Amino acid sequence: MTTTPSLPDRPFLGFGLGLRPTHYETILNDSPAIDWFEIISENYLVPGGKPLHYLDRIRERYPMVMHGVSLSIGSHDALDREYLKQLRSLADRVEPEWISDHLCWTGAHGLNAHDLLPLPYTEEALQHVVARVGEVQDFLGRRVLLENVSSYVTYPESEMSEWEFLREIAARADCLILLDINNIYVSSINHEFDPRDYLQSIPVERVWQFHLAGHRNHGDYIIDTHDEPVVDPVWDLYTQALRRFGRVSTMIERDDNIPPLPELLAELEHARRLAAAGQRQRTVTAA
Ligand SMILES: [Fe+2]
């Protein structure tokens with residue numbers, strides 16, 4: 001009989017940013033007060049060249065986590081073994097605190113949709129994803145974090161909510177969760193659910209990282225663009241998440257319209273302050 005090893009205590013890295021090429025030089029010249037960086041794994045899979053040169057130099061100074069967009073854990077296509085091999089060698093090089101990707105599918109029949117597409121929330125899809133997460137974790141020799149995506153469509157076949165689906169995946173596959181607070185907010189507007197129901201349903205011990213990001217609000221729907229600062233309702237939801245989950249490593253994702261680093265540092269400082277206030281409140285409540 002095999003037994004599942006118990007979860008280690010959740011590491012807390014502090015407050016990080018996504019590593020973006022436009023900031024490479026500033027980071028090396030100024031060593032800004034950022035606790036850690038999240039890298040997009042796919043940007044560093046080609047041997048040699050500038051990206052790896054910068055990656056190595058920045059890694060010497062900062063802890064890192066790896067975040068992928070190509071795993072396509074929900075697809076019916078076979079897992080891409082070549083990609084997994086590349087991921088494993090990048091992990092050998094970077095020695096990341098953890099590796100994450102998305103709970104989604106990105107294509108079928110060998111075609112890439114270049115988007116993070118939601119799954120139907122069915123028992124069949126659950127079993128399919130759980131088996132594949134097991135394969136990935138065996139191959140990489142570690143638990144991975146899966147992130148909730150923002151979505152614009154739902155399936156009539158769904159038998160459960162997104163949060164029930166995510167919770168079940170994590171429990172059955174024994175994997176971890178990267179909770180994107182902005183994505184919960186975006187989907188809650190697009191699909192008209194209460195984001196607090198989402199937070200309440202997710203197991204505290206499996207959430208090892210938070211994402212925060214900006215989006216474009218078009219009134220009755222929201223597009224997750226990552227090209228704007230984090231908006232107040234997402235900060236509010238972050239505050240609620242802090243109440244439930246406690247100290248969780250938090251980072252801000254900015255993928256377009258990328259401002260100078262000080263602007264992102266100011267946003268990160270806001271996250272730090274909210275987390276510190278949340279921590280004080282938890283201490284008072286527990287006393
Ligand atoms: Fe995210």
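The values are calculated or read from the model by the stated rules, or taken from the named source; none is laboratory data. Bear in mind the structure is a predicted one, so any value in this text is a computation, not a measurement. Every residue, glycine among them, receives a Cβ derived from its backbone with ideal geometry; neighbour counts consider all protein chains shown. Only protein heavy atoms, including side chains, enter the accessible area calculation; ligands, DNA and RNA are left aside. Shrake-Rupley method; radii C 1.70, N 1.55, O 1.52, S 1.80 Å.
See the values below:
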{"item": "Single residue of the stretch 134-193 satisfying the filter (polar (S, T, N, Q) and not in a helix (DSSP H, G or I)) that is farthest from the ligand (Cβ to nearest atom)", "result": "S158"}
{"item": "One residue from Q209, Q200, Q279, Q240 being polar (S, T, N, Q), part of a helix (DSSP H, G or I) and under 22 Å from P8 (Cβ atoms)", "result": "Q279"}
{"item": "Candidate set: the stretch 194-222, residues that are more than 12 Å from the ligand (Cβ to nearest atom) and more than 16 Å from R243 (Cα to Cα); chosen: the one surrounded by the fewest Cβ atoms within 10 Å (Cβ to Cβ)", "result": "G219"}
{"item": "Hits in the stretch 243-252 - residues which are open to solvent by less than 10 Å² (accessible area, probe 1.4 Å) and either of a type in the set (D, E, K, R) or assigned to a helix (DSSP H, G or I) (or both)", "result": "F245"}
{"item": "Count of residues meeting criterion [in a loop (DSSP other than H, G, I, E, B), crowded, with 21+ Cβ neighbours inside 10 Å and modelled with pLDDT under 95] in the stretch 85-109", "result": "1"}
{"item": "Where P156 falls short, out of the listed (1) touching a residue at least 24 places away in the same chain (Cβ under 8 Å); (2) surrounded by fewer than 18 Cβ atoms within 10 Å (Cβ to Cβ)", "result": "(1)"}
